[in-house]
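All remarks here apply to the structure that follows.
The values are calculated or read from the model by the stated rules, or taken from the named source; none is laboratory data. Owing to the predicted nature of the structure, the values given are computational and were not obtained by experimental measurement. Every residue, glycine as well, gets a Cβ built from its backbone with ideal geometry; the counts of neighbours run over all protein chains shown. Accessible surface areas use protein heavy atoms only, side chains included; no ligands, DNA or RNA. Shrake-Rupley method; radii C 1.70, N 1.55, O 1.52, S 1.80 Å.
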Amino acid sequence: ESKEARWAVSHAIDRQAIVDVIYEGLSAVAQYPASQYDQDFEPRFANMHDTYSIGYNPDKARELAEQSGLVGKTLRIITNGSTKYNTMAEMIQENLLDIGVNADIINYDQATYFPTIMDAANFDIALFNPAAPSMLAIDILANYPVFVPLGWTGPERDRFGELSMDAISTFDKTERGNKLYEALKVWVEVDPWFALSEVVAPFAQSPDITGVEYMIAGSIYYQDIAFK
């Protein structure tokens, strides 16, 4: 309910450690609430708030946790049961303990997890990987808070919804980028979700085949593939 408490959690998480352990150093710490590889990413979107520009800072996190009354509380971290997210949850649990906040980890299976995150009453922290078939950040940022409600309500949510939906329906690239920028100002201040890292998506192909072309969002035209 408190953005200061959310800032505390964001500053508490050692995202570089997550990159190093979960992705073996092959990923990168996120710079804003979506992927910097989205087609509509602009450098001005990066590090717009202390949670991104400063990032991991246990002292700042502890100060914010005390200020918001988070110290001594127990948060519920939920995952989809995968090894990657289980390990990530354990790392976050340790980070939170460092600032005086406890956490219980609850693991679901993937089939159960998806409907579980649709109700913000089921968790305090949920680990999730959003994506957009169009590879547009505005797709994710405008649609996911509607799809996954997050419990975010109030005038800031209304303002974000107005800006983001206006942006997603704007054809002109420059105008759309400006609207997305204004929407992001609201987002990073409220911190309804905090981006941890880029997701590694490796592709491999046999040298014995031709015609492999990766399209948008990693799709492939399989009919064009043939053996040499």
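Structure above, values below:
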quantity: Shape category assigned to the range 124-206 from the gyration tensor of Cα positions, a/c cut at 1.5; calculated: oblate
quantity: Whether the range 1-102 is rounded, prolate or oblate, judged on the alpha carbon gyration tensor where a/c under 1.5 counts as rounded; calculated: oblate
quantity: The chain - percent of accessible surface contributed by carbon and sulfur, probe 1.4 Å; calculated: 52
quantity: Computed over the range 26-72, the ratio Rg/Rh where both radii use C-alpha atoms and Rh is Kirkwood; calculated: 1.12
quantity: P(r) tail fraction, the chain - alpha-carbon pairs more than 31 Å apart, %; calculated: 25
quantity: Angle between the chain longest axis and helix 3-12 axis [Cα atoms, degrees, rounded to 10]; calculated: 70
quantity: For the range 86-157 versus the range 162-228, the gap between their alpha-carbon centres in whole angstrom; calculated: 20
quantity: Of the GluC sites (Glu not before Pro) in the range 161-213, those whose Cβ has at most 13 other Cβ within 10 Å and which sit in DSSP loop; calculated: 213
quantity: For the chain: lysine pairs under 28 Å (alpha-carbon distance), excluding those fewer than 8 apart on one chain; calculated: 10
quantity: Highest-fluctuation residue, 58, 202, 43 considered, GNM on the chain with Cα pairs under 10 Å; calculated: 202
quantity: 0 to 90° range, to nearest 10: angle between helix 155-168 axis and the chain longest Cα axis; calculated: 10
quantity: Rounded accessible area per residue of the chain, 1.4 Å, Å²; calculated: 53
quantity: Bridge type composition, the chain - antiparallel percent by DSSP, nearest 5; calculated: 35
quantity: Helix 83-97 vs. the chain, principal-axis angle (Cα, 0 to 90°, nearest 10); calculated: 30
